[in-house]
Amino acid sequence: MMTHESDDRQLDQLLRPHYEALRQPNPLQRQVVLEGLDQTPRSDVSAARRSPAVRLGWISAVAVISLMAAAWLLRLAPSDAYGIEAVPQRFHDVQTISLRGWQWIRDSSGPNKPPFRVPFEMLVKRPAMFRHTATGVSVEKGRTEIRHRLHLCDGKHESVVDENGKPLGFFRSLSLLDARLKTEEIAQTAVVLAVLGPPEAAYRKIGKDNADGRACDLYEGRFSTGSHTTVAQVWIERASGLPVRVVRDELAADGKLTGELELTEISVNTLLADDLFRGKGQDAEKPSSRDKLQQGKEPALLDATPTSSGSSDGSKLEAWQTLRISDSAVLVVWRRSAPTPRADGADAWLSDIALSLPEPTGMRPVRHAWLSPPTSAERWSWSLVVPADGKPLGRGEVNLTLKGRRGVTSLGLAALRFNDEELRQLLAAARLSTLRDDAPEMSLADLRAQARKLLESKGSKMPTF
Amino acid sequence: MASDGELAKRAAAGEREAAGEIYDRYAPLVRAMLLDATGSLPEANDLVQEVFLRALPRLGQLRQPERLCAWLIGIARRQGTDYRRQAGRRRRWFAPLVGDVAAAADTASNDTVSSDTASSDTASSDTASSDTALNDTVDLVRQAIGELPERERIAVHIHYLCGEPAEVARKTLGLSASGFYKLLERARSRLRVRLFKVEQRR
């Protein structure tokens, strides 16, 4: 009997957290449901039941009208876009991604100049190839010059070429692991940003539509880029759950919309030839003259150059990479200019630092633990970051902010997702590239164990500013 | 506390507070049903919204308003079936990317990626990540509940999520209070075996 009771208690202990998660109120959804009710005609057949003879006629007439009205109103009734949240995961599961369309670039050579429309292309072929447009703008003597560039990676080399594929100044050899990391940066950061905008973008389903003959749910989102508000529309194909079209406009204060980005082709798992990812004359098998120049210099397993940086008023903040260690923990490799020395050692390096997870509803607080504390402004340090609410990361972008004396530097760092085997390889290589030789080894299991401890701790949350 | 029948009538007459109360009372149960169907909480949340957007405007059609909960469960069940059908299409869509690349390539159309670049890493990563997921207690619990026969599963959901479980079970499962607790005990025994066996193995 005692055993049975203790089993029962144990079972309750296991089941309750599962059901607590299901009980969590969702005020936004509640509001959407009730708003939807306000805008949808209620169907009440109780009156028609009085007379069976009249009933049939009324039912058919009312049903047709109600169905038409309900269909029309439901088409217009806004609802929250939970489905759109799964888009990054869906992009994560595919082998190739192709985005093509147009981008509008402001002409700053004078007032009221119309923006330039330039082609936009972003291609990813996993595991380690990418290609994307990079458009440069310069104004000289009142004239605007547009330079079209392509940033390429064929799994072995990274290069920048002109629109005809002719190599420009930048070319270097990469290890396969580095090429893989950079490819995922494009796939998980740039592609998702081009399609959905930043993680703060709040989307609502506004209706249904066809795009290229495909039945889609149409979502609308808004987000601020600091200088202006962007209004984005995303068509998500119902059959695949993937976006098929994106139209993004800049919203002026007078309500006027100006084109910003239009993705007319979004496809996944289409065949992309390897040649698309190489410059003209570059051969995958034969070493190029540039390779020969680099002979004897084996590319580093991972390039430790910062991928994100900013400075303000003499203070500097840089990040190398952010990796998703589990569903609710990320590793951030970062460094900052030296803080004012204080007695509390490593914690001084967190002074004036804010960390959070940006979401449409605001900044989600996090907890922080040093994995490898900083020793100088030149050295990278490793931080473990978990959501303070203990729930999954969501889109998983980390906002890292340094408050200077007169300004703030903020970096949005997308936490890249890899499978466990790749993550182990990346952690081992990142330790060699970014930490001191005497830094202790940290296995993925160690990091996850520390993350669990941090999640369970009642320690203080990081400021979010 | 207002009865289900009373709430359904008031909501059908356009009383917004009553509709809100129905949502508060049954959204967790509907979410649990949809989590069983989808295996994903975000997807389940999305579908909860669809269920209530579909159900609330039609409350006037409800012949037995006191059977509100059973009616909502029925709509949630249909929504879950629709989801699985869509998910099947999605799996076909992503077939070359997960699982057996070579087999998938046979069925993939010409313009999809075949076996040349699809690495074995992808397949092994899925195995690795599902192993990792199995180590997570929450996933284990979710999986164990999902493996219960449907009536037992609903009984467990009702027990943990509804204010008056025996009363809700009477209306939804057509069981007396003692019948409900017998069914619940059967479900809990299965869960004990499933979860404690796994717990001991870990």
**Study point:** Number of the exception - A:Arg335 against (1) surrounded by 20 or more Cβ atoms within 10 Å (Cβ to Cβ); (2) of a type in the set (Lys, Arg); (3) within 26 Å of A:Ala201 (Cβ to Cβ)
**Key:** (3)
Practice item. Could you tell me which residue of region A:175-230 is most open to solvent (accessible area, probe 1.4 Å), considering only residues that are among the small types (Gly, Ala, Ser) and assigned to a helix (DSSP H, G or I)? Key: A:Ala190
Exercise for review: For region B:89-105, state whether one or more residues are in contact with a helix residue (DSSP H, G or I) (Cβ under 6 Å, 6 or more places away or on another chain), modelled with pLDDT of 50 or more and among the aliphatic types (A, V, I, L, M).
Suggested key: no
Study note, to complete from the structure: Reported set for region A:420-444 where residues are free of Cβ contacts under 8 Å to residues at least 24 places away in the same chain and acidic (Asp, Glu) is A:Glu421, A:Asp437, A:Asp438, A:Glu441
Check your understanding: What number of residues within region A:123-147 are modelled with pLDDT of 85 or more and touching a strand residue (DSSP E or B) at 6+ places or on another chain (Cβ under 9 Å)?
Key -> 10
**Study point:** Filter result for B:Lys197 (basic (Lys, Arg) and modelled with pLDDT under 90)
**Key:** yes
Practice item. Answer yes or no: is there a residue in region A:408-424 that is at pLDDT below 95, acidic (Asp, Glu), surrounded by fewer than 20 Cβ atoms within 10 Å (Cβ to Cβ) and not in a helix (DSSP H, G or I). Key: no
Check your understanding: Going through region B:1-44 one residue at a time, which ones are more than 8 Å from every other protein chain (Cβ to nearest Cβ), charged (D, E, K, R) and open to solvent by 20 Å² or more (accessible area, probe 1.4 Å)?
Key -> B:Glu6, B:Lys9, B:Arg10, B:Glu15, B:Glu17, B:Glu21, B:Arg25, B:Asp36
Practice item. Could you tell me whether any residue of region B:69-80 is assigned to a helix (DSSP H, G or I), open to solvent by 20 Å² or more (accessible area, probe 1.4 Å) and within 11 Å of another protein chain (Cβ to nearest Cβ)? Key: no
Check your understanding: Somewhere in region B:127-137, is a residue of a type in the set (A, V, I, L, M, F, W, C), at pLDDT below 90 and surrounded by 14 or more Cβ atoms within 10 Å (Cβ to Cβ)?
Key -> yes
Exercise for review: Output yes when any residue across region B:45-58 is of a type in the set (Val, Ile, Thr), more than 22 Å from A:Arg204 (Cβ to Cβ) and within 11 Å of chain A (Cβ to nearest Cβ), and no when none is.
Suggested key: no
Review point. Going through region A:425-444 one residue at a time, which ones are within 16 Å of A:Ser326 (Cα to Cα), assigned to a helix (DSSP H, G or I) and more than 14 Å from chain B (Cβ to nearest Cβ)?
Key: A:Leu427
Check your understanding: What tally of residues in region A:391-419 results from selecting those that are over 20 Å from the mean Cα position of the chain (by Cα) and free of Cβ contacts under 8 Å to residues at least 60 places away in the same chain?
Key -> 0
Check your understanding: Out of region A:250-280, which residues are part of a loop (DSSP other than H, G, I, E, B) and in contact (Cβ under 8 Å) with a residue 60 or more places away in the chain?
Key -> A:Asn269, A:Leu271, A:Leu272, A:Arg278, A:Gly279, A:Lys280
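The values are calculated or read from the model by the stated rules, or taken from the named source; none is laboratory data. These numbers come from a predicted model, not from an experiment. Neighbour counts are summed over all protein chains in view; Cβ atoms, including those assigned to glycine, are modelled from backbone coordinates with ideal geometry. What goes into the accessible areas is simple: the full protein's heavy atoms, side chains included, and nothing from ligands, DNA or RNA. Shrake-Rupley method; radii C 1.70, N 1.55, O 1.52, S 1.80 Å.
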